[in-house]
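Trainee: Questions regarding the structure given below will be posed in turn.
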Amino acid sequence: MPFKVFLFFEIAFSAFWIGVLFLLFPHRDFFQLFFLALMFANGVQHVIWASVVKQYVPGLITALLHVMISLIFYFTVLL
């Protein structure tokens with residue numbers, strides 16, 4: 001994937017979720033829970049990927065943070 005495409009996707013993705021975080025609109029809670037599930041799944045996927053190839057893969061450090069943040073948010077806010 002060309003860097004420009006990757007950069008555009010990252011900016012658009014981040015802008016969308018920042019909007020979900022700060023703007024009030026119908027079904028906002030659903031989007032926040034969906035993002036939480038995406039963050040958790042992405043983190044788990046990176047950990048599994050690293051264990052399969054048995055070496056560091058890009059995103060592994062942030063993946064562990066995503067899993068921890070998802071679990072903390074789930075057990076402190078949602079329960």
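Trainee: What number of residues in the stretch 36-74 are modelled with pLDDT of 85 or more and of a type in the set (Phe, Trp, Tyr)?
Mentor: Counting residues in the stretch 36-74 that are modelled with pLDDT of 85 or more and of a type in the set (Phe, Trp, Tyr) gives 3.
Trainee: Which of the residues that make up the stretch 52-61 are closer than 18 Å to LEU36 by Cα and free of Cβ contacts under 8 Å to residues at least 12 places away in the same chain? Reasoning before the result, please.
Mentor: Start the filter on the stretch 52-61 by keeping residues that are closer than 18 Å to LEU36 by Cα, which leaves 59-61.
Within the stretch 52-61, just ILE61 meets the criteria.
Trainee: Would you confirm whether or not the stretch 16-29 contains a residue that is under 17 Å from the mean Cα position of the chain (by Cα) and in contact (Cβ under 8 Å) with a residue 12 or more places away in the chain?
Mentor: yes
The values are calculated or read from the model by the stated rules, or taken from the named source; none is laboratory data. All figures in this text were calculated on a predicted structure; none of them were measured in a lab. Note that each Cβ is placed from the backbone with ideal geometry, even for glycine, and that neighbours are counted across all protein chains shown.
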